[in-house]
Amino acid sequence: MGETGTGKTKVTALLLREAISRIEPVQITLLDFAPAQRTINGLRIGGRVTDFLPNPKCRVYEPSAEIRAPRLEGHNADEVLRLAGDNAVLTSALLRRYLALPAPCLFINDLTIHLHAGDPNLLLQAIRRSETFVGNAYSGSSLAPDHGSGLSGREREIQRVVGFVDSVIELPPLRIGRETS
């Protein structure tokens, strides 16, 4: 978990590479919910695991370029909610696809995207179906303005996931410039 730009996806890719080196890739599924990496309003957002680990040889489910960044791309509450709802349709389909053919090891990149408007119980069902789960999520304040849509409140559903997993790593914000002592 961490702010935008803290390296959550890169860490997830490193853990996935390690998993692939230790177990058969067919035993691993990656659900990548992140929007494609880009800069919006001067903020670098998104990025997929395959940006760091091309062709991981495990099952990879990506919703294509249709995933959006609701708070940054929407101009008002209605647009933010519409984009979040569209994302939820895509992420829910990927979760159902995983549930139909589960693998023992499940990786999810940017599960926050699903929590914006998707059913948290569907997400928890997928996590429970796996033997090993690794995921990442946005947690911070840089994306707090949600145009009154309530997305920031929905992100608190991440606490249900946090309460279910064994370990949580919180990545600190990146510091720019030199530190002085």
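The values are calculated or read from the model by the stated rules, or taken from the named source; none is laboratory data. Source: prediction; values computed, not measured. Cβ coordinates were reconstructed from backbone atoms using ideal geometry, including for glycine residues, and neighbour counts include every protein chain displayed.
Per-structure values
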quantity	calculated
Elements of type strands (runs of 3 or more DSSP E) in segment 1-60, at least 3 residues being among the hydrophobic types (A, V, I, L, M, F, W, C) and within 24 Å of Leu99 (Cα to Cα)	28-32
Which numbered condition Val80 misses (of (1) closer than 22 Å to Pro25 by Cα; (2) β-branched (Val, Ile, Thr); (3) touching a Ser or Thr at 6+ places or on another chain (Cβ under 6 Å))	(1)
In segment 58-84, residue surrounded by the fewest Cβ atoms within 10 Å (Cβ to Cβ) [restricted to those that are modelled with pLDDT of 90 or more and acidic (Asp, Glu)]	Asp78
Which listed residue is at pLDDT 90 or above and over 13 Å from the mean Cα position of the chain (by Cα), from Ala19, Ala34	Ala19
Segment 64-99: number of residues that are in a loop (DSSP other than H, G, I, E, B) and touching an Asp or Glu at 6+ places or on another chain (Cβ under 8 Å)	1
